[in-house]
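Single-structure report; data block below.
The values are calculated or read from the model by the stated rules, or taken from the named source; none is laboratory data. Keep in mind that what you see is a predicted model, and the values were worked out from it rather than measured. Here the Cβ positions follow ideal geometry from the backbone for every residue, glycine too, while neighbour counts run over all protein chains shown. Areas reflect the complete protein model, heavy atoms only, side chains present, ligands, DNA and RNA absent. Shrake-Rupley method; radii C 1.70, N 1.55, O 1.52, S 1.80 Å.
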Amino acid sequence: MKKQVKIIGCGVSGLTTGIVLLGEGYDVEIITEKLPQDTTSSKAAAVWFPYEVNPRDKAEIWGKVSFLKFLECCSDKDSGVSMVPLTVLIEKEEDAWWINALPKGEMRKGSATELPEAFPLGYIMEVPLVETQLYLNYLLKRFKSLSGKVIQRKITSLTEFDDEDTIVVNCTGLSSRELLNDQELYPIHGQIIKAKPQAQVSCILADFPFGETRDRLAYVVPRKDCLVLGGTSIKGEEEDRPNPDLIAGIIERCKAIEGNITDIEIQSVEVGLRPGRFEIRLERAGNVIHNYGHGGGGFTVSWGCAAEVLKLVQEIG
Ligand SMILES: Cc1cc2nc3c(=O)[nH]c(=O)nc-3n(C[C@H](O)[C@H](O)[C@H](O)COP(=O)(O)OP(=O)(O)OC[C@H]3O[C@@H](n4cnc5c(N)ncnc54)[C@H](O)[C@@H]3O)c2cc1C
């Protein structure tokens, strides 16, 4: 008989891992402090793009696996996943390492008429748009429909599972800093504005930082519920309340890369702390498998990482 699996965490990593393991016949329970709508995952825009996610060679593989899985999700109208044209602006050709993570034929160079005058270098591609406000509920429903259970409580130490004949998968994101005392983890502050949708606006991001401190970003993601304007990428910043002083700069940068944006009607301003790490921790330590530290690309690599967890679970039993 297969062992029981307890997954800690109910963000995109925990839910995706749970669905993959249930699909292989494992009995899976998620234990989580917060439900999906209160996680960092709920703050993501989210488009398929491996931003601040390492190591790159693995992100390429995990990103590609996830891309193809998201394509499958598109056929379910309740998933919140659709394919959209995305323009990625770059400073130098060699910065576009993520090209290798795209399935072949998904990308082409943008022409002068397609790109903003001030940013003449970039690629245009079709990528999955993962509308987190719909997708996390969709994952949760899918997990439960496969008989997965969710228990809401905080785990203070993984040692509580030492005596149990179970496999534990740690998907606690940035909280692994406290849970495991993992000092390699750090927050990457991301502030976004959710504005009233504007039909004429397209999906575009600048894959380079702005400003003196190089911790300002520009990205525009049109969703059904809102127009997401981002953002920031402040490493080590722990503050998770929105900073009003950052709002004008975000709007200015977004307008600079997407000239079709007109008057912004702000619905909300939100902050999420991305779980930064020099590399994703995806490894086995005894009967515990760690899957955290996905930086700014947790959705982008989610299915690939879950497939990797499955391999490690199968090693145990
Ligand atoms: C502004 C912003 C924009 C982003 N845009 C994108 C994007 O466009 N594309 C993309 O791919 N990624 C994007 N990301 C990154 C992405 O959101 C993260 O990489 C991803 O959400 C990490 O997911 P996770 O499930 O590992 O962690 P989380 O979503 O943080 O989930 C962790 C879970 O663990 C639980 N937990 C933690 N500690 C404990 C404990 N002690 N006991 C019990 N449960 C616990 C929590 O309650 C939670 O359920 C963005 C992030 C931000 C902030």
query = Just how much of residue 246 is accessible, in Å², when a 1.4 Å probe is used and the result is rounded to the nearest 10?
reply = 20
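Percent relative contact order of the chain, based on C-alpha pairs within less than 8 angstrom and at least six residues apart? Don't skip to the answer; put the middle values down first.
Values: 719 pairs, mean separation 86.2, N = 317.
Answer for the chain is 27 percent.
Taking the Cα centre of region 4-316 as the origin, how large is its charge dipole in debye, to the nearest 20, when only Lys and Arg (+1) and Asp and Glu (-1) carry charge on their Cβ atoms? Write down the numbers at each step before the final one.
Details: 34 positive and 46 negative charges, 131 e Å.
It works out to roughly 620 debye.
For region 62-144, what's the relative contact order in percent, using C-alpha pairs closer than 8 Å and at least 6 residues apart?
Taking the mean separation of contacting Cα pairs over the length of region 62-144, I get 40 percent.
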ask   = For region 205-266, which GluC sites (Glu not before Pro) are in a loop by DSSP, counting at most 13 other Cβ atoms within 10 Å?
value = 212, 238, 239, 265
inquiry  = With a 1.4 Å probe and all protein chains kept in place, how do 178, 93 rank by accessible area, largest first?
reply    = 178, 93
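Can you give the accessible area per residue of the chain, in Å², using a 1.4 Å probe?
Values: 14180 Å² over 317 residues.
I get 45 Å² per residue for this part.
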remark   = Of all C-alpha pairs within the chain, those more than 32 angstrom apart amount in percent to 25
query = Ratio of Rg to Rh for region 91-213, alpha carbon only, Kirkwood?
reply = 1.06
ask   = Given the options 44, 96, 306, which has the most mean-square fluctuation in a GNM of the chain, springs set between C-alpha atoms less than 10 angstrom apart?
value = 96
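Restricting to region 4-316, compute how many DSSP beta bridges are antiparallel as a %, nearest 5. Mind dumping the intermediate values first?
Details: 43 of 64 bridges.
Bridges in region 4-316 that DSSP calls antiparallel: roughly 65 percent.
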inquiry  = Rounded to the nearest 10 Å², what accessible area does residue 245 have for a 1.4 Å probe in the complete protein model?
reply    = 130
query = Taking all protein chains as present, what is the carbon and sulfur share of the accessible area of the chain, in % to the nearest whole number, probe 1.4 Å?
reply = 49
key: Point-to-point label distance, residue 4-residue 238, nm (Cα→Cβ direction, 7 Å offset)   = 3.6
task = Give me the angle, in degrees from 0 to 90, between the Cα long axis of helix 56-73 and the longest principal axis of the Cα atoms of the chain, rounded to the nearest 10.
result = 90
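Please identify the trypsin sites (Lys or Arg not before Pro) of region 135-226 that satisfy two criteria: DSSP loop assignment and at most 16 other Cβ atoms within 10 Å. Which are they? Write down the numbers at each step before the final one.
Details: sites: 141, 142, 144, 149, 153, 154, 177, 194, 214, 216, 223, 224; in loops: 153, 154, 214, 223, 224.
Passing sites in region 135-226 are 153, 154, 214, 224.
Which value, in debye to the nearest 20, gives the size of the charge dipole of region 4-70 about its Cα centre, when Lys and Arg are +1 and Asp and Glu are -1 at the Cβ?
On the way: 7 positive and 8 negative charges, 41 e Å.
For region 4-70, the charge dipole is close to 200 debye.
Rounded to two decimals, what ratio of Rg to Rh does region 225-317 give with C-alpha atoms and a Kirkwood Rh? The partial results should precede the final answer.
Values: Rg = 18.4 Å, Rh = 16.3 Å.
Looking at region 225-317, the ratio lands at 1.13.
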ask   = Any idea of residue 83's accessible area? Nearest 10 Å², probe 1.4 Å.
value = 60
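At 222 nm, what value in deg cm²/dmol follows for the chain if DSSP H runs of at least 4 each add -39500 (n - 2.57) and the sum is divided by all its residues, to the nearest 500? Display every interim value, and only then the final one.
On the way: 6 runs with 75 residues, N = 317.
That calculation yields -7500 deg cm²/dmol at 222 nm.
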query = Which lysines have a Cα less than 30 Å from the Cα of residue 3, not counting those fewer than 8 places away in the same chain?
reply = 34, 58, 64, 69, 141, 144, 149, 154, 311
